[in-house]
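Each remark here refers to the structure printed beneath this line.
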Amino acid sequence: MKQILVGFHAVQARLRVDPDSLKSVYFDPSRRDRRMGDFLKQAEEILGERLHAADVERLHKLTGHDRHQGVVALAEKMTIARTITEVVEDVEGAQEKPLFLMLDGVTDPHNFGACLRVADGAGVDAVVIPKDRSASINATVSKVSSGASEVMPVITVTNLVRSMKEMQEAGVWLIGTDDEATKSIYDIDLTGSIGIVMGAEGDGMRRLTKENCDELVRIPMQGVVSSLNVSVASGVCLYEALRQRLAHATNKAAK
């Protein structure tokens, strides 16, 4: 199955992880800035005859919009998703603790792409989404994620609650976010095997999803705004987990 990759980040990420999957890469020769020059230097060496100059009209036609930065690729769709059990076993085999992000009902591709970007930055091992009521990876998600969608395992599950139980049986502690929770994200230990569960903006997590979390926490809000965008909230929680894990590793090494 073919997919369209749009923009520097998405195409360069694929160049790094799976260049053979890139069938054709098109660039705007009228763009002569340093960023394009650096990109072409990398791409020419790897792609050879698969790299093509294309006018703006051709790029617009391929993407359906003008927000392509002058770089568009046609590629084979990567399959990097694994099962929850495989992720846990691989991470624990490397003497680490798995970190998951679970998204319940995030249907906007811009939010989904941004969640993938922060997940990649925070070192998440996999993102879990339901088959229904969720955005899927497309050109918009790929571009917004700045290439994270090319490398982040996304596990699509038929039944979210059943998958939560599977994670719990594997020793993963599920932390849900809820504005009414008594504990803050800063009050709990996030150094173990953790899954951060985020709901969609407005509706939040569905009732059964919330009921099957091991613990609910809130993000402290000091202003007049009552909640954060789901990608921002994901970033707050995931980077607190990363902060704790780095501190824990430093302390362990010092002993």
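The values are calculated or read from the model by the stated rules, or taken from the named source; none is laboratory data. All values reported here derive from a predicted model rather than from experimental measurement. Glycine gets a Cβ as well: all are built from the backbone with ideal geometry, and neighbour counts include every protein chain shown. Calculation scope for accessible area: heavy atoms of the full protein, side chains included, ligands and nucleic acids excluded. Shrake-Rupley method; radii C 1.70, N 1.55, O 1.52, S 1.80 Å.
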*Could you check what % of the DSSP bridge pairs in the chain are antiparallel, to the nearest 5?*
30 percent
*Debye-sum result for segment 81-147 in log10 I(q)/I(0), which assumes one identical scatterer on each alpha carbon, at q = 0.27 Å⁻¹*: -1.17
_Just to confirm a number: summing +1 for Lys and Arg and -1 for Asp and Glu over residues other than residue 253 whose beta-carbon lies under 15 angstrom from that of residue 253, what do you get?_
+2
*Rounded to the nearest 5, what % of the DSSP beta bridges within segment 1-114 are antiparallel ones?*
75 percent
*Return the percentage of antiparallel bridges among DSSP beta bridges fully within segment 123-215, rounded to the nearest 5 %.*
10 percent
*How big is segment 156-255 by Rg and Dmax over its Cα atoms, in Å?*
14.4, 46
*Ordered by packing density, taken as the mean number of other Cβ atoms within 10 Å over each peptide's residues, highest first, how do 238-244, 123-129, 57-63, 108-114 rank?*
123-129, 108-114, 238-244, 57-63
*Quote to one decimal, in nm, the extra length available between residue 184 and residue 96 on full extension: 0.36 nm per residue of separation minus the C-alpha distance between them.*
29.2 nm
*asked:* In whole Hz and in residue order, list the ³J(HN,Hα) couplings for segment 123-128 that follow from phi through the Karplus curve 6.51 cos²θ - 1.76 cosθ + 1.60, θ = phi - 60°; x for Gly and Pro.
replied: x, 5, 7, 6, 10, 10
*Please sort through the DSSP H helices of the chain and keep those with an alpha-carbon extent of at least 30 Å along the long axis and a Kyte-Doolittle average not below 0.5.*
none
*asked:* Could you work out [θ]222 nm for the chain from helices alone, using -39500 (n - 2.57) per DSSP H run of at least four and dividing by all its residues? Round to the nearest 500 deg cm²/dmol.
replied: -12000 deg cm²/dmol
_Under 5 Å between amide hydrogens, which residues at least 5 positions from residue 177 or on another chain qualify, with H placed 1.01 Å from N in the peptide plane?_
197, 199, 217
*How long are the three semi-axes of the equivalent ellipsoid for the chain, computed from the Cα gyration tensor as the root of 5 times each eigenvalue, in whole Å, largest first?*
36, 20, 18
_Cα centroid separation - segment 58-130 against segment 165-226, whole Å_ = 21 Å
*Counting alpha carbon pairs within less than 8 Å and at least 6 residues apart, what relative contact order, in whole percent, applies to segment 125-178?*
42 percent
*Bin all alpha-carbon pair distances of segment 196-255 at 10 Å intervals from 0 and give each bin's fraction as a whole percent.*
18, 42, 27, 12, 2
*Using a Gaussian network for the chain with springs between C-alpha atoms less than 10 Å apart, which of these wobbles most: 153, 220, 98?*
220
*Show which lysines lie in cross-link reach of residue 210 when reach means a straight Cα distance below 25 angstrom and same-chain residues fewer than eight apart are skipped.*
97, 131, 165, 183
_13 Å beta-carbon shell around residue 162, net charge (K/R +1, D/E -1)_ = 0
*asked:* So, for segment 87-224, what is the accessible surface per residue at a probe of 1.4 Å, expressed in square angstrom?
replied: 45 Å²
_Local electrostatic count at residue 232 - Lys and Arg +1, Asp and Glu -1, tallied over other residues with Cβ under 12 Å_ = 0
